[in-house]
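Please treat every number below as a calculation from the coordinates, not as lab data. Just so we're clear, the structure is a prediction, and the values are computed from it rather than from any experiment. With ideal geometry, Cβ positions are generated from the backbone for all residues, glycine too; neighbour counts draw on all protein chains shown.
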Amino acid sequence: MHVVAVGTGQALAIGARGDADALLVHDRKGEDKFIADRNGIDRRDVMYNDFVLVGPKSDPAGVKGLRDVQEAFARIAHASASFASRGDDSGTNRMELRIWSLLDLEPRGASWYRELGSGMGATLNTAVEMNAYVLTDRASWAHFQNRGDLAILVEGDKRLLNPYGSILVNPAKWPNVKAEPARIWHEWLTSADGQAAITSYRVNGEQLFFVGKPGDSAPSQ
Amino acid sequence: MHEVSRALALALGLIGRGDQEFLSIVRLSLGVSLTATLAALVIGAPLGVALAISRFRGRAGLILTSNALLGLPPVVVGLCVYLALSRSGPLGKFGLLFTPAAMVVAQLILLTPIVIALTHRMAAGLWGEYGGALMVDGASGPRSIAIILAIGRATMLTVFLAAFGRAISEVGAIIVVGGNIRGYTRTMTTAIALETSKGELALALALGMVLIALSFAVNAVAFLLARAWRK
């Protein structure tokens, strides 16, 4: 099985060109559009984790401990505190932009808002150097070695839940798709074995991905 | 600075215990780069000599295209190859996207102009010296090309090194067309890019050290060969 690791936007684009057999992505709106455009079939819920707002321990915007991420974003904008954005149309980026739009704020162009156009790791690296706030998924943060002065400041908001979906690239549209192997993978993900593999994955003893309905097992301790 | 000593320890550790994943990315780097370099030499060297010794139809066009490709950003070449090899592109039916073959193709496009330009320069000089004698001898076009390349073989070694150096250090184009797939299209340079973005700076540095050492070794072998040939 060949894994090409890219952000959700790019993954959906690769799938739309028929260059992949199956997708594992996290942007429900994008996934629904992908199905509606006949590019994919049989979207399934696979797992979820959550996003966390990471920032400098000095916390210039005063967001530490907030449970409302929208309020946290509003305070960051109000304080003109450095914010590092992935700016790459990934699932994480789409989530971040949704929060800004719920606040009716357009941060792009503001001097404190840094659109990096990078993957999660590179964005975290830069955020550490800039001592900036950054929205990241918990798993990436758990893996990340170079934390500098940053720590998790906001977590637990229901809006920060991050569900992943698996989609099969539509074999009717792309006859070259390896439909059988893709289907085996796709069905394994949601089988008892697959779900057990997902929940048993740990980094430093911490479970990073959860299955079932959010609320069955809360992602934040 | 303690990253440097950590990196050195990591590098020695990877080499010492023959880490499988590490060896596979070294193998892939060398495989893709050597294949592309040799193919670029086979295609570009005769063309370079031909440019120096004869006027043929399309000569001006070849010089223009080759020089233009010298200045093209590698990532743009990568993007064009990506679009061409994609399933929805003109060459899609070969299914080459996200394979090592695609990486060789992208590198070939980047290397051939270098080989043509350097060989042309060398051949122009040699033709000045030997061209008269060769034409008196009645040597045909292809034979003259072979003779010029043989006479200039020490310089061709430098051309090989220039092309290989370019190939082994490529990252932008091959990440786009290869997809940096673990165990399949991940080379030393793309692994360094990945580890850096994960914040694993010591490991990235370790891979970088091995890459430099490898490049140094290839250059050393070529240097000794050139010295032997000059005798």
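Values computed for the structure shown
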| item | result |
| --- | --- |
| Other protein chain Cβ atoms within 10 Å, averaged over every residue that makes up A:17-25 | 3 |
| Burial order of peptide ranges B:179-188, A:65-74, B:138-147 (average beta-carbon count within 10 Å, highest first) | B:179-188, A:65-74, B:138-147 |
| 17 Å Cα-Cα reach of B:LYS198 towards aspartates and glutamates, excluding residues that sit fewer than 8 places from it in its own chain | A:ASP88, A:GLU129, A:ASP137, A:ASP149, B:GLU3 |
| Which listed pairs, of A:LYS29/A:LYS158; A:LYS33/A:LYS64; A:LYS29/A:LYS173; A:LYS29/A:LYS178; A:LYS29/A:LYS57; A:LYS33/A:LYS213, have C-alpha distances above 29 Å, in listed order | A:LYS33/A:LYS64; A:LYS29/A:LYS57 |
| Label point distance in nm, B:MET209-A:ASP68, each placed 7 Å from Cα along Cα→Cβ | 5.2 nm |
| Label-zone membership for the range A:11-34, site A:ILE41, 7 angstrom Cα→C-beta point, backbone N under 14 Å | A:22 |
| Summed residue charge, Cβ within 15 Å of B:SER33's Cβ, Lys/Arg positive, Asp/Glu negative | +2 |
| Hull-based mean projected area of the range B:101-207, where the convex hull spans the alpha carbons, in square nanometres | 8.5 nm² |
| Reciprocal mean inverse distance between Cα atoms of the range A:52-158 - Kirkwood radius, Å | 13.4 Å |
| Tail beyond 23 Å, pair distance distribution of the range B:2-230 (Cα, percent) | 55 percent |
| By average C-beta atoms within 10 angstrom, highest first, the peptides B:94-103, B:58-67, A:172-181, B:168-177 | B:168-177, B:94-103, A:172-181, B:58-67 |
| Average Cα contact separation per residue, chain A, under 8 Å, 6 or more apart, as relative contact order % | 33 percent |
| Average Cα contact separation per residue, the range A:50-160, under 8 Å, 6 or more apart, as relative contact order % | 48 percent |
| Whole-number percent relative contact order across the range B:160-231, with pairs defined as alpha carbons under 8 Å at least 6 apart | 24 percent |
| Computed [θ] at 222 nm, helices only, for the protein assembly as shown once each DSSP H run of length n ≥ 4 contributes -39500 (n - 2.57) | -19000 deg cm²/dmol |
| Calculated P(r) of the protein assembly as shown - Cα pairs past 37 Å, % | 40 percent |
| Inter-part distance where the range B:156-197 and the range B:47-79 are each reduced to a Cα centre, Å | 23 Å |
